[in-house]
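What follows is a set of notes on a single structure, which appears directly below.
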Amino acid sequence: MAALASNPQMLTRQAHSNKKKQFWRKESLNLEKKYGISVRVYNNEKIERSQMEKEWRLKAFWPNVSQPTTVEMEHINNIEELDAVLSNARQLSQPIIIEWMASWCRKCIYLKPKLEKLAAEYNNKAKFYYVDVNKVPQTLVKRGNISKMPTIQLWKEDEMKEEVIGGHKGWLVIEEVRELINKYV
């Protein structure tokens with residue numbers, strides 16, 4: 001039996017009493033979603049079927065379970081919390097990423113889970129936070145100098161270094177944020 005990773009199909013071999021009468025059929029298999037594994041099969045195809053049987057190699061790739069796949073972003077509610085986050089980041093000499101968003105903004109809501117996945121990539125190198133501009137005092141929004149949403153800012157050493165205003169495709173925004181983090185990490 002062999003499985004293909006890029007295509008969630010399974011090839012099963014059914015052998016009869018006579019070894020020459022073998023056939024292959026595809027069966028649906030979704031190992032990756034159920035068990036978190038992906039299996040790849042390499043086939044060095046030979047001319048004769050009996051030789052082909054000997055050449056199947058199976059190799060399983062297990063995901064890295066020691067690191068989380070997503071890290072939930074923490075909420076900042078007021079200026080005091082922002083100051084505490086900035087002072088903690090200064091002590092750890094880490095950059096922080098703040099997504100300034102609104103609950104009515106579709107692009108903001110779309111970006112948040114993507115940023116949480118990115119936060120898992122930079123789990124110990126950068127911290128990720130979000131601010132809902134409709135639920136916080138406007139003095140906090142003015143301190144961030146926010147004019148459009150979503151705005152993703154990188155802060156280091158108590159000041160805002162760079163920002164990405166996310167009015168374009170989500171994957172482009174994530175790539176720009178990744179570049180920002182790599183500059184300051």
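The values are calculated or read from the model by the stated rules, or taken from the named source; none is laboratory data. The model shown is predicted, which means the values in this text are computed figures rather than measured ones. Reconstructed Cβ throughout: ideal geometry from the backbone, glycine too, with neighbour counts over all protein chains shown. Only protein heavy atoms, including side chains, enter the accessible area calculation; ligands, DNA and RNA are left aside. Shrake-Rupley method; radii C 1.70, N 1.55, O 1.52, S 1.80 Å.
Provide the net charge surrounding residue 149, with neighbours chosen by a C-beta distance below 14 Å and charges set as Lys +1, Arg +1, Asp -1, Glu -1.
+2
Are there any chymotrypsin sites (Phe, Trp or Tyr not before Pro) in region 83-128 that are in a DSSP loop and have at most 11 other Cβ atoms within 10 Å? List them by number.
The qualifying sites are 104.
Order the peptides 129-142, 66-79 from the highest to the lowest mean number of other Cβ atoms within 10 Å of their residues.
Result, highest mean Cβ count within 10 Å first: 129-142, 66-79.
On the protein heavy atoms, probe 1.4 angstrom, tell me the percent of accessible surface of region 68-165 carried by carbon and sulfur.
Carbon and sulfur: 47 percent of the exposed surface of region 68-165.
Given the convex hull over the Cα atoms of region 53-185, what projected area results after averaging over all orientations, in nm²?
That works out to 10.6 nm².
So what's the net charge close to residue 76: Lys and Arg +1, Asp and Glu -1, counting the other residues with Cβ under 12 Å from its Cβ? Could you put the intermediate results ahead of the total?
Numbers: positive: 127, 135, 143; negative: 74, 80, 81, 83, 99, 132.
In short, -3.
Can you tell me the FRET efficiency between residue 123 and residue 148 if r is taken as the Cβ-Cβ distance and R0 is 25 Å, rounded to the nearest 0.05? Could the numbers behind the result be given before it?
Details: r = 29 Å, r/R0 = 1.15.
Step by step, r from the Cβ atoms, then E = 0.30.
Counting only heavy atoms of the protein chains, get the accessible area per residue of region 71-185 (1.4 Å probe) and round it to a whole Å² value. Display every interim value, and only then the final one.
Details: 6290 Å² over 115 residues.
Value for region 71-185: 55 Å² per residue.
Whole percent per 5 Å bin, from 0 to the bin with the longest distance: what is P(r) over all C-alpha pairs of region 94-140?
Going out from 0 Å in 5 Å bins, region 94-140 shows 5, 20, 28, 20, 16, 9, 1 percent.
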